[in-house]
Amino acid sequence: MKSRLFLLFFLVSTYACSYSPSQTERNIAVYDSVSSALQGDTALPVQQLVVKVALQLLNTPYVASTLEAEPEQLQVFLDKTDCILFVELSACMALTLKGLRITQAGDGEHFSVRQTPSVVKAEPSYQLLCDNIRNMRYRLGVVDGYASRIHYTSEWLLQNQTNGILREYTADLGREFTQHFSYMSEHPSNYRQLADNAAELARIRQIEEHLDAQKPYFFISQEQLHSPDVISQIQSGDIITFLSPREGLDLAHVALAYEYNGEMHFIHASYKQGRVVIEEKTLADYAVNGIRISRFNNIEH
């Protein structure tokens, strides 16, 4: 018992998390459960293991705005989630179970697809999971104020491409479109960390300008997704990012593709259903505004 209490204290101290030791204990319980269930599957390719993890997380409650602590700190919740955190957790858990720690290959300015994934071998543990989440969620893995957290999903995809974790292949199937990034800087009152903080708002504007410069961007339309030639190229475990209809905002929802009953559906944290589910609608029927799509690299070390 003493050793477990020490572990909880060590984890809370190490990651400067604002949640209580009881939250850490709940997190470890989920981690242990998933690890135990998938202990025989860790040799699978990352993409397949991500799906296995996602299925273990079915029915996890949907809870929004769990990361909004002030000052900015790493927040890890395995017993509740939203759409991007669900996909992030599934990916980080898969890498952790394979004993892989994400390292940083880029400089925050130049994004490119890496042929060699930026990972090192490590012992699977809850502590490693927290490390991987931080390295996936924060620019260059550094927690340094609100703007250091990656808020636009496009940047999340770009950083993970740079680190060799995944590759976006929308351009292989879709067509180019004009994407502009400005929503956060034009609506600072929607974000309490930006409303009265000129320095953080300026950092967000710089990020938006940097993302604008990463064009061209591509998307796959709903009409294309109804084509067998297109939908047949999407695989279970692909990251599906749904385009936002809001001006200046790139993506509105994130999910994992999942073939179900012979059709392509997806697993996601559903706001409407209040939990992680296998979506009843097919991907083609759901994706009214179109999608972007990425695939995990087969990472070994």
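Worth pointing out:
- The slack in the chain from residue 246 to residue 112, taken as 0.36 nm per residue of separation less the alpha-carbon distance, amounts to 45.5 nm.
- Surface analysis of segment 77-142 yields an accessible area of 35 Å² per residue, using protein heavy atoms and a 1.4 Å probe.
- Remark: the residue 142-residue 167 segment gains 6.7 nm on full extension, using 0.36 nm per residue and subtracting the alpha carbon distance.
- Residues residue 223 and residue 120, FRET efficiency given R0 of 45 Å [Cβ-Cβ distance, rounded to 0.05]: 0.55
- Note on the chain: dipole from Cβ charges, positive end direction compared against 222, 193, 174; the farthest Cα belongs to 193.
- By accessible area, using a 1.4 Å probe on protein heavy atoms only, the chain has 49% of its surface on carbon and sulfur.
- Computed label-point distance, nm, for sites residue 79 and residue 202 using a 7 Å Cα→Cβ extension: 4.2
- Here, segment 72-147 is characterised by an Rg to Rh ratio of 0.96, where Rg is the alpha-carbon radius of gyration and Rh the Kirkwood radius.
- For segment 123-159 versus segment 197-240, the inter-centroid distance based on Cα atoms is 18 Å.
- Highest-first arrangement of 203-213, 105-115, where packing means the average Cβ count within 10 Å: 203-213, 105-115
- The length gained on full extension between residue 259 and residue 69, counted as 0.36 nm times the residue separation minus their Cα-Cα distance, comes to 64.7 nm.
- When both segment 44-66 and segment 70-116 are represented by their alpha-carbon centers, they are found 13 Å apart.
- Each distinct pair of alpha carbons in the chain adds a 1/r term; the inverse of their mean, the Kirkwood radius, is 19.7 Å.
- Remark on residue 243: its backbone amide H falls under 5 Å from those of 252, 290, 291, 292, a criterion applied only to residues 5 or more positions apart or on other chains, H modelled at 1.01 Å from N.
- Panel values: segment 114-224, Kirkwood radius from alpha carbon pairs, Stokes-Einstein at 10 °C and 1.306 mPa s, translational diffusion coefficient 100 µm²/s.
- Backbone N within segment 254-275 under 20 Å of label point (7 Å from residue 190 Cα along the Cβ vector): 254-255, 269-272
- Relative to the Cα centre, the charge distribution of the chain, modelled as +1 at Lys and Arg Cβ and -1 at Asp and Glu Cβ, gives a dipole magnitude of about 760 debye.
- Estimated distance in nm for a label pair at residue 176 and residue 232, the labels positioned 7 Å out from Cα along Cα-to-Cβ: 2.9
The values are calculated or read from the model by the stated rules, or taken from the named source; none is laboratory data. Treat the numbers as computed from the prediction; the structure is a model and nothing was measured. Note that we place each Cβ from the backbone using ideal geometry, even for glycine, and neighbour counts take in every protein chain shown. Please note that ligands, DNA and RNA were not included when accessible areas were found on the heavy atoms of the full protein model with its side chains. Shrake-Rupley method; radii C 1.70, N 1.55, O 1.52, S 1.80 Å.
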